[in-house]
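Single-structure report; data block below.
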């Protein structure tokens, strides 16, 4: 089953795991040591991240290391970019309105 990337990044623990893995590939045990949760709980989060393509496993001997998939994150960023210009325009308009209100109060 392919998971939705937004479902994956909605969880704060999964975002924290992504941040860790983006810095360096880690094993599930190494990840579990960084959190106050069991190895099994971390494995559930890993499964969600892997199913949506944000991380990729790599076997190294008896260990599995999970690597950050920056290409998948770039896809997400590209999708969000289409809205960024609209948001910036709206924020700039809001700044102008707030500035005008502030000047009127003086």
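Read-outs: derived from the displayed coordinates by stated rules, not from any lab. All values reported here derive from a predicted model rather than from experimental measurement. Cβ coordinates were reconstructed from backbone atoms using ideal geometry, including for glycine residues, and neighbour counts include every protein chain displayed.
Results, tabulated for the structure shown:
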quantity: Percent RCO, i.e. relative contact order, over the chain, from Cα pairs under 8 Å lying at least 6 residues apart; calculated: 25
quantity: Ordering of 50-58, 36-44 by burial proxy (mean other Cβ atoms within 10 Å per residue, highest first); calculated: 50-58, 36-44
quantity: Virtual spin-label span in nm between residue 10 and residue 105, 7 Å along Cα→Cβ; calculated: 3.6
quantity: Ordering of 79-89, 13-23 by packing [mean C-beta count within 10 Å, highest first]; calculated: 13-23, 79-89
quantity: Spin-label pair residue 29/residue 85, simplified geometry with 7 Å Cα→Cβ offset, distance in nm; calculated: 5.1
quantity: Three-way shape label, segment 5-68, alpha-carbon gyration tensor, a/c 1.5; calculated: oblate
